[in-house]
Amino acid sequence: MFFDEKIVQQEHLNGKMLIPKVEKTVDVICEKGYQNIFYIGIGGTALLASQMQNIVKQLGAKLPLYVENAADFCLVGNPYFSQNSIVVIESVSGDTKEMIQAVDKVHELGASVLGYVEKQNSPLYEKVDYLISSTGCAQYFWYTVTFRFLKNADMYPEYDNFIENIKNLSENAVSIFQQADSKAQEYTLHHWNEPLQYLIASGNLEAWAHCYGMCTLEEMQWMKTRPLSASDFFHGTLEVIERDTCIMLMKGEDITRPLMERVENFANKISANVTVFDTKDFELNGVEEKYRGLLSPIIVRTAFKRISLYLEYYRRHPLDIRRYYRHLEY
């Protein structure tokens, strides 16, 4: 199926180009000083932010980082939040109601906001204190923000080399799309009309399983899903697996990979309907082996866009059509 290589490449080049500005902005924040860092999002943005929290934990870094759902934060708050906290957000539309309310609350409490906002002149574009704006490259924003905070706290001495690897990864975007093509087509051809799909991942891909199930399959394609962590699979879900149960496994290369291998071994004994998407299957030029696990979320996020396009075709359902989201009052 046709895809515009220039668009795919440009989004990743946009990410590469925004890195210097993000670095300078985080440096300014660190020079002013902060007590802790709050990543605040809603839906997919909260989930993608939590990928970074998982990576920080796997690195063993003691960065004072919290991830909050914007709707929860507005009602519940967080006892560790103060005027000396720094908040980081991401928004494509720039006008998500819960995010606007959260940013307003942050400002009422006297803290500042660093935001990646794509839509110019939108409410969040105008409200954030430190603005980063580009198109289609939020993952590069999250990685640079997180690892720059780590560097400035003397918690990640490999920063400079790691960032060069991220920049090199941007050159692999079209190749990842091409390498994902055959499996993406095969998967969607056979599973475009599944009544229920189990999406299972671990570690820094666990949030992606939830995000893809919720934001793409459910919201954009109206398909019922059950995202699940590999660590929870054997505490309930294994009992409902049958021969025709549709299971998608997202295997990364971080330290939690053994959890996925355990699930894979069991699932293939019971179900004849298992598909495995493994980041190890992708060849990456200019990316060192030791960083592949850290970068698995970008690899998977890029590859799964290919699946989304095939779903759009086989289901005859454009990705931008919604029934209720932003159409009804709720």
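The values are calculated or read from the model by the stated rules, or taken from the named source; none is laboratory data. This one's a predicted model, so the numbers in the text were calculated from it and none came from an experiment. With ideal geometry, Cβ positions are generated from the backbone for all residues, glycine too; neighbour counts draw on all protein chains shown. Side chains included, ligands, DNA and RNA excluded: accessible areas come from the protein's heavy atoms. Shrake-Rupley method; radii C 1.70, N 1.55, O 1.52, S 1.80 Å.
Averaging 1/r across all pairs of distinct Cα atoms in the chain and inverting the result yields a Kirkwood radius of 20.6 Å. Note on Cys215: accessible area is roughly 30 Å² with a 1.4 Å probe, heavy atoms of protein only. Going by accessible surface with a 1.4 Å probe and the largest first, Tyr143, Tyr66 read Tyr66, Tyr143. With a cut-off of 12 Å between beta carbons, the residues surrounding Tyr39 carry a summed charge of -2, where Lys and Arg count +1 and Asp and Glu -1. Within the chain, the longest run free of exposed loop sites, counting trypsin sites (Lys or Arg not before Pro) that sit outside DSSP helix and strand states (H, G, I, E, B) and have at most 14 other Cβ atoms within 10 Å, spans 63-223. With all protein chains in place and ligands, DNA and RNA left out, the 1.4 Å accessible area ranks Tyr212, Tyr125 as Tyr125, Tyr212, largest first. Using only Cα atoms, find the angle between the long axis of helix 289-314 and the longest principal axis of the chain, and express it within 0 to 90 degrees, rounded to the nearest 10. For 289-314 against the chain, the angle is about 60 degrees. For the chain, find the longest principal axis of its Cα atoms and tell me its angle to the long axis of helix 173-191, 0 to 90°, nearest 10. That works out to roughly 50 degrees.
Which percent of the accessible heavy-atom area of the chain goes to carbon and sulfur, probe 1.4 angstrom? Here it works out to 49 percent.
Counted over segment 227-317 with a bin width of 5 Å, the fraction of Cα pairs per bin, in whole percents, is 2, 12, 21, 20, 17, 16, 9, 3, 0.
Less than 5 angstrom separates the built amide H of Gln35 from those of Ser85, Ile86, all sequence-distant by 5 or more or on a different chain. Rounded, prolate or oblate, given the Cα gyration tensor of segment 175-330, with a/c below 1.5 counting as rounded? Oblate shape, in that a/c is at least 1.5 and b/c is the bigger or equal ratio.
Computed over segment 14-156, the alpha-carbon pair-distance distribution with 10 angstrom bins reads 12, 47, 36, 4, each value a whole percent.
Run the Debye formula on the Cα coordinates of segment 270-330, all scatterers equal and no solvent, and tell me log10 I(q)/I(0) at q = 0.22 1/Å. Log-scaled intensity ratios, in q order: -0.95. Restricting the calculation to Cα atoms, segment 142-183 shows an Rg/Rh of 1.18 when the hydrodynamic-style radius is the Kirkwood one. Per residue, the accessible area of the chain comes to 46 Å² when a 1.4 Å probe rolls over the protein heavy atoms.
Sorted largest first, the principal axis extents computed over the alpha-carbon atoms of segment 86-214 equal 52, 38, 27 Å.
State whether segment 190-264 is rounded, prolate or oblate according to the following rule on the C-alpha gyration tensor (a ≥ b ≥ c being the square roots of its eigenvalues): a/c under 1.5 gives rounded; otherwise a/b larger than b/c gives prolate, and the remaining case gives oblate. Since a/c reaches 1.5 but b/c is at least a/b, the shape of segment 190-264 is classed as oblate. Using just its DSSP H runs of length 4 or more, each adding -39500 (n - 2.57), the chain gives a mean residue ellipticity at 222 nm of -15500 deg cm²/dmol after division by all residues.
Taking the C-alpha atoms only, the angle from helix 159-169 to the longest principal axis of the chain is near 50 degrees.
Taking Cα centroids, how far is segment 222-266 from segment 80-159 in Å? The two parts, judged by their Cα centres, are 32 Å apart.
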